[in-house]
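Structure first, then comments.
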């Protein structure tokens with residue numbers, strides 16, 4: 001792997017920062033070098049929010065990433081801003097519940113995940129970020145899935161019923177990410 005960069009972007013209140021933090025904690029627990037950089041728009045809730053996470057087997061030279069290996073976009077403005085920035089050969093994970101377009105780029109892999117709908121159907125619309133996080137890890141394998149589960153339980157497991165929902169949607173996202181990654185490797 002050497003180094004993998006992901007930008008997660010959406011509007012404030014979608015749990016973008018939490019998803020980035022959970023990924024960062026998982027990378028650290030897996031013994032990787034990790035950098036997490038948050039960025040907020042002028043308004044917290046409802047404004048644009050994004051974070052970049054760099055996970056590496058080697059020392060991280062610079063935490064500033066303009067062209068990430070992957071972008072996970074949660075809403076249309078984030079799609080418009082970050083889809084063009086993904087490195088050629090990279091990955092774009094799209095919350096298709098809120099984004100009804102696809103990129104026309106042929107030099108990356110796009111995975112459509114109905115993350116908001118999955119979260120709502122599971123009983124917690126605020127778990128969209130967990131669905132996307134699961135899809136990202138399923139598609140990339142950048143961190144160990146078992147480690148991610150333990151971090152989610154450690155950080156979000158205080159309320160048993162909420163943890164059960166988070167665990168269920170994490171699994172659903174992970175399966176979608178793995179299936180789509182397997183499809184692209186056989187294509």
Inset, instruction - Identify all residues within the stretch 84-94 that are under 20 Å from residue 179 (Cα atoms) and part of a loop (DSSP other than H, G, I, E, B); write none if there are none. - result: 89, 90
Inset, instruction - For the stretch 58-66, indicate whether the set of residues that are in a loop (DSSP other than H, G, I, E, B) and on the phi > 0 side of the Ramachandran plot is non-empty. - result: no
Inset, instruction - Look through 97, 24 and report the one residue that is in a loop (DSSP other than H, G, I, E, B), free of Cβ contacts under 8 Å to residues at least 60 places away in the same chain and either buried (at least 17 other Cβ atoms within 10 Å of the Cβ) or more than 17 Å from the chain's Cα centre (by Cα) (or both). - result: 97
Legend entry - Given (1) within 23 Å of residue 96 (Cα to Cα); (2) out of contact with any helix residue (DSSP H, G or I) (no Cβ under 6 Å at 6 or more places or on another chain); (3) modelled with pLDDT of 95 or more; (4) in a helix (DSSP H, G or I), number of the condition residue 142 does not satisfy: (4)
Inset, instruction - Quick one: residue 14 ticks every box in (1) more than 27 Å from residue 182 (Cβ to Cβ); (2) modelled with pLDDT of 95 or more; (3) under 14 Å from the mean Cα position of the chain (by Cα) except a single one, so which number is it? - result: (2)
Legend entry - Failed condition for residue 81, given (1) at pLDDT 95 or above; (2) surrounded by fewer than 18 Cβ atoms within 10 Å (Cβ to Cβ); (3) assigned to a helix (DSSP H, G or I); (4) in contact with a strand residue (DSSP E or B) (Cβ under 9 Å, 6 or more places away or on another chain): (1)
Legend entry - Matching option when the condition is surrounded by fewer than 14 Cβ atoms within 10 Å (Cβ to Cβ) and outside any strand (DSSP E or B), among 121, 171: 121
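The values are calculated or read from the model by the stated rules, or taken from the named source; none is laboratory data. Please read these numbers as outputs of a predicted model, since none were measured by experiment. As a convention, Cβ positions derive from the backbone with ideal geometry for all residues, glycine included, and neighbour counts pool all protein chains shown.
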